[in-house]
Amino acid sequence: MYFSRSKKAQGRSSHALLAIVVGIGLAACQTQPEETLVVPGEASESFEKAAPAPRPVATDVSDEDEGAAPRPVTPDTVAAHYPDLALAIYADSLTRAEALLTANQALIADPSEETLNAAREAWIAARVPYQQSEVFRFGNPQVDEWEGRVNAWPLDEGLIDYVASSYGTASEDNPFYTANVIANKSLKIGTGKVDATTITPNLLQNELQEIAGNEANVATGYHAIEFLLWGQDLNGTGPGAGERPYTDYSTSDCTNGNCERRGEYLIAASELLISDLRDMVTAWGPDGEIRQALESQGSEATLAAMLTGMGSLSYGELAGERMQLGLMLHDPEEEHDCFSDNTHFSHYYDAAGIQNIFEGRYRRIDGSVLAGPSLEALLKKQAPKVALGLDNAISQTMDAMSRLVNRAEKTESYDQMIGAGNAEGNAVVQKAVDTLVNQTRYIEQAVAALNLGTLTFEGSDSLDQPEAVFE
């Protein structure tokens, strides 16, 4: 099984549903932001194209796609719409990954500033739909087991390629810390060897990914590709992202050696990403394993999966492992998209994924909107006060995330925001964390209102026992 960053935290805790519901003061949580914030579509074309869909008023009849007859909102119809949302989001992720491969192939064929920048833009665009899929991870074991193939982080990038001297030459925890498979056609593991003469998807997935059982040996997925396009970000909490030159892929004007093999790795990783995403599209399709499993277990279990995904991503994963932990440590290595400085968008679209599930709506990459029976409408029928509270909490989260994006695009990057001594930047990140934690409390109330029993959300030491972070 491959694990992503959330499972690498020491002493990781679980956040039991309903454990903190009693005694919560709700009035303070329902206050609106002090100012109206315009979603910063002008800051990024990819942000504008895939921003969350316009929000309708929730009713007891679903807001359907154009031309489709509306369906009554019941537990069964809400549960049936859930895999449709997943299929659309993973299909869009696949489409963007295919575009990324095309851009990477163009870079290899004709290395230049223009083709490198185009490949980087394709990577950033590919993250938009994928990040919105992460809400499906925690409520569906098949997705959680698969997820590390495509989104594991952080990685010891010395496994893949050359690194700066400041990275160091060895690690007590990882014998492959500086293995540099691009420069070396054979790697020794124990008494055996890994033949890396030809860099293929099979080599990356079956030989290098988590080699020697070390989770930091990430050889596949978005972040391996990110490193190959940007290189290391050596700026710490200062301005600037990775600065890999396009000549790292030029066979006629090669910099840093092994340019042909570097291109082979980039293409192999891109092809493997497509293959992995295609597997997930199939799994959520009409005859897919995950869809059939959900249908067989009934609507109550599916609603539980939906809310578990929302709560675990909101609390332990995003608020805790991806945001609060890095803020506490003031450590740029805890930044999710650390090579590209794209973390602000990744966090935003993670939060948007939670909103998508609540509202039963997803804006596709072609601009169309997939809509159907929603948790919001179901809650409005059964517990209107809970529906309103969760709606307000999600709105506050999206406002806070939009502020974070605005600051990252116009003032300073996310790794600068979490730097020590940056009170203003720290406060922007902390506000987003706080709204996510508050949002989780309302998700817990939704579970109770729908009589789904006691579920368990992913936790994080950074939130549950912060003193343990520094032990």
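The values are calculated or read from the model by the stated rules, or taken from the named source; none is laboratory data. These numbers come from a predicted model, not from an experiment. Here Cβ is always computed from backbone atoms with ideal geometry, including for glycine, and neighbour counts include all displayed protein chains.
If you scan the stretch 279-316, which residues turn out to be in a helix (DSSP H, G or I) and among the charged types (D, E, K, R)? If the condition is that a residue be in a helix (DSSP H, G or I) and among the charged types (D, E, K, R), then ASP279, GLU289, ARG291, GLU295, GLU300 are the ones that fit. For ASN184, the conditions (1) at negative phi; (2) crowded, with 18+ Cβ neighbours inside 10 Å are fulfilled apart from (2). Taken over the stretch 249-262, the criterion of being in a helix (DSSP H, G or I), buried (at least 17 other Cβ atoms within 10 Å of the Cβ), in contact with a Phe, Trp or Tyr (Cβ under 9 Å, 6 or more places away or on another chain) and not basic (Lys, Arg) is satisfied by CYS259 alone. Figure legend. Inter-residue proximity from the stretch 248-273: first residues within 18 Å of ALA219 (Cα to Cα), second residues part of a helix (DSSP H, G or I) and among the polar types (S, T, N, Q), beta-carbon distance below 7 Å, spacing 6+ or different chains. Indicated pairs: LEU266/ASN104; ILE267/ASN104; ILE267/GLN105; SER270/ASN104; LEU272/GLN205.
Scanning the stretch 362-373 turns up no residue that is more than 21 Å from the chain's Cα centre (by Cα) and of a type in the set (D, E, K, R). For residues that are among the acidic types (Asp, Glu) and either free of Cβ contacts under 8 Å to residues at least 24 places away in the same chain or not in a helix (DSSP H, G or I) (or both), scanning just the stretch 83-117, find the one that is farthest from THR251 (Cα to Cα). Applying the filter and picking the extreme gives GLU114.
Where helices (runs of 4 or more DSSP H) sit wholly within the stretch 406-471, those with at least 1 residues that are out of contact with any strand residue (DSSP E or B) (no Cβ under 6 Å at 6 or more places or on another chain) and surrounded by fewer than 17 Cβ atoms within 10 Å (Cβ to Cβ) occupy 423-449, 461-464. Here TYR130 does not qualify as at pLDDT 95 or above, among the aromatic types (Phe, Trp, Tyr) and assigned to a loop (DSSP other than H, G, I, E, B). Selection of the stretch 317-340 for residues being within 14 Å of the chain's Cα centre (by Cα), in a helix (DSSP H, G or I) and of a type outside the set (Lys, Arg) yields GLU317, LEU318, ALA319, GLY320, GLU321, MET323, GLU334.
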